[in-house]
C-alpha cells in the first residue's frame, strides 16, 4: 500500500511503546531491523513493510493530492521521530491559528521507480488553506511551504482582512504565501510575533498591521542571497600562460593567464598570481570561472577579464576609515572596462562560499550592465521605467535593494539570476511582477 | 679675484636652486602646469599617473552615513581620484556610497557621468550570523520507548 491508500496511524499516545535500542541510525537496514523489533511494526505493517524490489507503484510526481513528504531522510524516517515532526508542524500551523491533528503525520513509504522509500508523510488539513505546491519539504526543516499556506489562511481568517485594500491583498498573499523564497520567509518572520495579538484588535488595526508589512524594511531579508545553483552554461579552462610582472592592483607580480571558454561561446580571461602572497588566500581560477558560468548571459557578456588580485585592495584602509567601517575589506570590484577584480583575504578568515561568490558577481556585473545599457542618468529612460515598476510592485527583494535605484536593480538582477529554473523564480515573478517582466525582456 | 669667487660659488648656487625647485615640486605635489607623468611621489589626486589633470572636485553622496560633501582632488589620494578603464585613466568626480552593518558598496563615476567601477566591501568575519529560523535537529521520542 502506498501513501495514498495508507491508513493513518493513531496519534503518538496510541503508538506501541516497546523500548528500542540506541537511537543512533545505521541506515535503512538498521531502521528496518529496529522497526521490526517493535510491537508497532505489525500494527502498521501496511505502512512500514520493507520495500519490495520490482513492485510497481506511483512515482514521486504521482504523489496523491493533499499528501506532503516531511522527510525522506533515512536517518529520521522512523517511528521514534514521529512526535518530533508532529511538534514541528504543530508549531508552524498553531502560530497562525491553525488546529493540528497529530494523526495527520505518519510513517509511510513512497515509490521511487521500482523501489520503495520510507518517508514521514502528512495529510494536508483543509483549514490550513490551499495545499502547498511544494510536495516535499526542504531538507532544512524550515517547513516554509506549510508555514506559507498556514500564514495566508490565518490572515484571511481575520475580520480585518476585508479592510485591506484589494491591491494590497494580492501583494500580501504573495509576500506571505511564497513557499520557498527568502522575501516571504522574512515577511512571515516579521508578522509571526504580532499575529497572536491581532484577533483581539479592531479590524482596522488588523488591516493596518498587515498593510504595514508592505514596504517595511523589517519584512525583508538583509540581502538577496537565494542559492545560486542553476548554471546554464558549462566551461573549460585553457592551460595557463605565464606573464612576468603583471600589474595587479597595488602590486606587480608574476601571473598566469587562463582563458575560460563557455558553452554559449563567451571567452573570458582569468588572471591569477603565479604564487599567493604570504598570509593571504583567494578563490581558485576554477571557482572564478564557476561564478562566471552562473551569471545571466547579458551580465557575462560584459565581462572581459577576471583578476584574482595578489594583494588586498590598497584602498581598504582609506575607505574603512573614511566611511566609518573599521575592519571592512574589499571583496570584489567590477569596472566599466569589463574587468572584475576579486581580492584575497587573510588566511585566518574563511573565503566567501560559492553562493556569495556567485551572487556577488551577479550583483556587481548587474551594476555594470545596467549603467552601460540604461545610461548614467538614473532618472531617465529605462531607469525611470524601472522606478515606475518599483512603485507599482511596492515590494523589494531585500533591504539592501532599498538603498537606491541602482541597488534595487542589482539586487533584483541577483534574485533573477539566482532563481532562474527553480520554483522561487515564479514566486519572485509574483512578488515583483513589473520589475520581473522588465528583466525578462532585458536579460533574455 | 671677483671672477674666481663667482666661479667657485656658482656650483653651490646651482645646487641650491635645484634643491629649492625639487622641494617646491614635492610640496605642491605637481600642482603646477606640465606636471611630470608617472611620478611616484605624486600621491594626491590632482594628476593621474599618466599626467592628466583632474577636473578639480569630487562630490560624494554617502548614503551609508547620511552625508554629502565635496573634496578637492588634491585632498585625496591619486587612487581615490582616478580609475584606470582599459588603458586610460579616468577622473572620478562623483562617489556614491551605500551599505549597512555588514556590507558597503562604493560606486565611482567619471566626468561624463559614466560608472567607472563599483566595489563591494564586507565586514570582518565575526560569530556566525543568527539565522532567522535555526536549523532544528530531529530528536527521537524517548517517551514512546518506555
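The values are calculated or read from the model by the stated rules, or taken from the named source; none is laboratory data. Quick caveat: nothing in here was measured; it's all calculated off a predicted structure. Note that we place each Cβ from the backbone using ideal geometry, even for glycine, and neighbour counts take in every protein chain shown.
Quick notes on this one:
- Top-ranked residue in the stretch B:79-94 [being within 11 Å of chain A (Cβ to nearest Cβ) and touching a strand residue (DSSP E or B) at 6+ places or on another chain (Cβ under 8 Å); ranked as nearest to residue A:318 (Cα to Cα)]: B:80
- Residue count for the stretch B:104-138 under the criterion of being at pLDDT below 90 and part of a strand (DSSP E or B): the result is 0.
- Hey, residue A:411 crowded, with 19+ Cβ neighbours inside 10 Å, within 14 Å of chain B (Cβ to nearest Cβ), within 18 Å of the chain's Cα centre (by Cα) and assigned to a helix (DSSP H, G or I) or not: yes
- Qualifying residue in the stretch A:80-97 (condition: part of a strand (DSSP E or B) and in contact with a strand residue (DSSP E or B) (Cβ under 8 Å, 6 or more places away or on another chain)): no
- Meets criteria (touching a helix residue (DSSP H, G or I) at 6+ places or on another chain (Cβ under 6 Å), touching a residue at least 24 places away in the same chain (Cβ under 8 Å) and assigned to a strand (DSSP E or B)) for residue A:121: yes
- Strands (runs of 3 or more DSSP E) contained entirely in the stretch A:190-280, each with at least 2 residues that are crowded, with 18+ Cβ neighbours inside 10 Å and touching a helix residue (DSSP H, G or I) at 6+ places or on another chain (Cβ under 7 Å): A:251-262, A:267-273
- Test: residue in the stretch A:134-149 that is over 22 Å from the mean Cα position of the chain (by Cα) and outside any loop (DSSP other than H, G, I, E, B): no
Yes/no per residue for (1) under 14 Å from residue A:181 (Cα atoms); (2) in contact (Cβ under 8 Å) with a residue 24 or more places away in the chain; (3) surrounded by fewer than 18 Cβ atoms within 10 Å (Cβ to Cβ):
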position	(1), (2), (3)
A:388	no, yes, yes
A:394	no, yes, yes
A:406	no, yes, no
A:429	yes, no, yes
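- Residue list for the stretch A:137-164, filter: over 20 Å from residue A:194 (Cα atoms) and surrounded by fewer than 16 Cβ atoms within 10 Å (Cβ to Cβ): A:138, A:139, A:140
- Strands (runs of 3 or more DSSP E) completely within the stretch A:298-351 that count 2 or more residues being more than 7 Å from chain B (Cβ to nearest Cβ): A:305-308, A:339-342
- Residue check for residue A:384: more than 10 Å from chain B (Cβ to nearest Cβ) and modelled with pLDDT of 95 or more: yes
- Within the stretch A:353-381, if we keep just the residues that are assigned to a helix (DSSP H, G or I) and surrounded by fewer than 20 Cβ atoms within 10 Å (Cβ to Cβ), the residue that is modelled with the lowest pLDDT turns out to be A:372.
- Restricting A:309, A:299, A:294 to residues that are out of contact with any helix residue (DSSP H, G or I) (no Cβ under 9 Å at 6 or more places or on another chain), closer than 30 Å to residue B:98 by Cβ and buried (at least 20 other Cβ atoms within 10 Å of the Cβ) narrows the list to A:309.
The rows are residues; the columns are (1) at pLDDT 85 or above; (2) in contact with a helix residue (DSSP H, G or I) (Cβ under 9 Å, 6 or more places away or on another chain); (3) not in a helix (DSSP H, G or I).
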| site | (1), (2), (3) |
| --- | --- |
| B:23 | no, no, no |
| B:27 | no, no, no |
| B:33 | no, no, yes |
| B:38 | no, no, yes |
| B:49 | yes, yes, yes |
| B:55 | yes, yes, yes |
| B:59 | yes, no, yes |
| B:64 | yes, no, yes |
| B:68 | yes, no, yes |
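- Residue satisfying condition, being surrounded by 23 or more Cβ atoms within 10 Å (Cβ to Cβ), more than 9 Å from every other protein chain (Cβ to nearest Cβ), touching a residue at least 60 places away in the same chain (Cβ under 8 Å) and in contact with a helix residue (DSSP H, G or I) (Cβ under 9 Å, 6 or more places away or on another chain), within set A:92, A:79, A:110: A:110
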